[in-house]
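Trainee: Here it is: the structure, laid out below.
Read-outs throughout are calculated quantities, based only on the coordinates presented, and are distinct from any laboratory measurement. Note that this is a predicted model, so its numbers are computed, not measured. Neighbour counts are summed over all protein chains in view; Cβ atoms, including those assigned to glycine, are modelled from backbone coordinates with ideal geometry.
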């Protein structure tokens with residue numbers, strides 16, 4: 001099979017991280033996508049499973065291959081099925097495809113005057129903010145749709161951003177995007193990793209992307225300490241308890257009241273004793289906690305700071321809130337059409353966790369630095385050209401969904417959870 005996009009992606013990532021390109025077992029992208037569980041989550045509820053066009057599964061398979069090679073250099077080899085990570089939450093919660101409604105149900109595609117926006121309303125507080133966002137009463141999704149239909153995507157997204165709502169205009173698909181899904185700043189002249197002890201990781205993140213990054217580092221041999229404010233628990237504890245358990249297994253948990261001076265001092269002590277710190281906080285919150293990455297690196301030579309946000313640590317969109325479905329839409333990682341449909345389940349979350357782990361291990365090997373990993377940029381990286389056409393599955397003679405791939409008909413697999421972690 002010629003032109004395997006996984007080999008191309010592995011070459012790009014390995015060159016950026018200054019490691020030899022690993023070999024990726026050749027396979028057609030449609031076969032990878034159908035076998036991952038993500039295809040079963042993509043498409044309308046009453047329609048066939050879909051392949052979105054760009055070689056998403058192949059690109060994630062390449063990232064997993066580079067992770068295996070890089071983790072072996074730093075600690076223990078981590079072998080993981082990158083594309084299958086997209087379906088783990090769905091497998092644990094019994095989610096399925098819903099087209100213009102996200103698999104998790106909290107995000108929807110809504111028509112505006114010049115296209116579509118992805119609107120995430122995940123909490124009661126979000127719904128309480130909707131009337132201020134729309135400048136009119138709104139009690140349900142029909143009210144939201146009626147109001148958004150009279151406005152441009154930029155208008156509704158910009159006003160939502162000011163109010164802390166996760167709303168994104170659906171980005172273009174297949175257009176040029178940054179070749180890499182992160183921004184890495186390597187600290188010059190720092191000492192290499194001390195291999196006589198395990199990596200020390202302090203995880204300040206929540207939900208999915210950050211904890212997955214920490215989980216993969218733990219698989220590489222790191223000791224992970226999860227910091228959680230008793231007054232502000234990780235929402236995944238209640239919303240996705242099985243996923244939370246999977247991603248935090250074996251980690252130590254340190255409860256710290258971050259609203260107190262004592263709690264913030266203890267947090268800074270933990271961070272300054274770490275090799276890697278993972279956070280999902282935006283720049284303003286990091287400043288309030290005394291955790292500005294540039295300042296930390298002056299006090300803790302060799303520290304690696306992994307900052308996972310919706311739209312990046314710096315820049316015009318840095319203050320915007322984003323979750324896995326709406327940031328994927330912002331990056332163009334959707335099934336194109338009128339209407340566009342969601343791709344997999346909160347796809348930017350697990351994909352970002354995988355790429356963030358890669359970035360962390362690379363910086364550790366180079367003596368520290370800052371990894372700025374934005375979920376929108378990860379989505380844009382996965383959705384970038386070249387891309388093929390949207391491909392639907394068909395029923396075989398037994399009524400099961402399958403797709404005609406390069407190697408022949410391939411069954412569309414359901415989402416699954418890893419049996420060995």
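Trainee: Which FRET efficiency value, to the nearest 0.05, do you get for residue 318 and residue 397 by plugging their Cβ-Cβ distance into 1/(1 + (r/R0)^6) with R0 = 60 Å?
Mentor: Once rounded, the FRET efficiency stands at 0.65.
Trainee: Could you sort the peptides 350-356, 382-388 by per-residue average Cβ neighbour count (10 Å cutoff), highest mean leading?
Mentor: 350-356, 382-388
Trainee: What number in nm² do you get for the range 260-304 if you take the convex hull of its Cα atoms and divide its surface by four?
Mentor: 3.0
Trainee: Next up: So how do 277, 202, 238 line up by other beta-carbon neighbours within 10 Å, fewest first?
Mentor: Ordered by Cβ neighbours within 10 Å, fewest first: 238, 202, 277.
Trainee: On to the next question. What are the principal axis extents of the Cα atoms in the range 1-149, in Å, biggest first?
Mentor: Principal-axis extents of the Cα atoms in the range 1-149, largest first: 57, 34, 33 Å.
Trainee: Suppose each label sits 7 Å from its Cα in the direction of the beta carbon; what would the residue 273-residue 406 distance come out to in nanometres?
Mentor: Reported label-point gap for residue 273 and residue 406 is 5.1 nm.
Trainee: Now for a separate question. Would you calculate the separation in nanometres between label points at residue 150 and residue 18, each defined as 7 Å from the Cα along the Cα-to-beta-carbon direction?
Mentor: 5.7
Trainee: List the residues of the range 336-370 whose backbone N lies under 19 Å from a point placed 7 Å from the Cα of residue 294 along the Cα-to-Cβ direction.
Mentor: In the range 336-370, the label zone of residue 294 (backbone N under 19 Å from the point 7 Å along Cα→Cβ) covers 368-370.
Trainee: Something else: Read through the labelled values (1) 23.5; (2) 21.6; (3) 22.5 and report the label of the one computed as Kirkwood radius over Cα pairs in Å from the structure.
Mentor: Answer label, from the structure shown: (2).
Trainee: Right, another one. So for 299, 323, fewest C-beta neighbours within 10 Å to most, what's the order?
Mentor: Placing the least packed residue first, the sequence is 299, 323.
Trainee: Over the range 93-169, what relative contact order in percent results from Cα pairs under 8 Å that are six or more residues apart? All intermediate terms of the calculation are to be shown ahead of the outcome.
Mentor: On the way: 101 pairs, mean separation 24.3, N = 77.
Contact order relative to length: 32 percent.
Trainee: So, one more: From zero outward in steps of 5 Å, how is the percent of C-alpha pairs of the range 197-328 spread across the bins?
Mentor: Result returned by the calculation: 2, 10, 20, 24, 22, 16, 5, 1, 0.
Trainee: For the chain, what relative contact order do you get, as a whole percent, if you take Cα pairs closer than 8 Å and at least 6 residues apart?
Mentor: 26
Trainee: What spacing in nm lies between the two simple spin-label points modelled at residue 338 and residue 285, each 7 Å away from Cα in the Cβ direction?
Mentor: For the pair residue 338/residue 285, the computed spacing is 3.9 nm.
Trainee: Want the number for residue 132 to residue 389: 0.36 nm per residue separation, take away the alpha-carbon distance, what's left?
Mentor: Here the segment from residue 132 to residue 389 would lengthen by 88.5 nm.
Trainee: Could you put 248, 242, 398, 381 in order, starting from the residue whose Cβ has the fewest other Cβ atoms within 10 Å?
Mentor: Ordered by Cβ neighbours within 10 Å, fewest first: 398, 242, 248, 381.
Trainee: Under 10 Å, Cα contacts only: if you run a Gaussian network model on the chain, which one of 247, 41, 286 comes out with the highest mean-square fluctuation?
Mentor: With Cα springs under 10 Å in the chain, the top fluctuation among 247, 41, 286 is at 286.
Trainee: Using a 10 angstrom cutoff on alpha carbons, build the Gaussian network for the chain and name the most mobile of 128, 63, 365.
Mentor: Maximum fluctuation in the GNM of the chain, among the listed residues, is at 128.
Trainee: Still on this structure, I have one more. Cα gyration tensor of the range 217-256, axes a ≥ b ≥ c as square roots of the eigenvalues: rounded (a/c below 1.5), prolate (a/b > b/c) or oblate?
Mentor: Oblate shape, in that a/c is at least 1.5 and b/c is the bigger or equal ratio.
Trainee: Which percentage, to the nearest 5, of the DSSP beta bridges contained in the chain is antiparallel?
Mentor: Percent antiparallel among DSSP bridges in the chain is about 55.
Trainee: To continue, here is another question. Classify the range 359-411 as rounded, prolate or oblate from the Cα gyration tensor: take a ≥ b ≥ c as the square roots of its eigenvalues, call it rounded if a/c is under 1.5, otherwise prolate when a/b beats b/c and oblate if not.
Mentor: prolate
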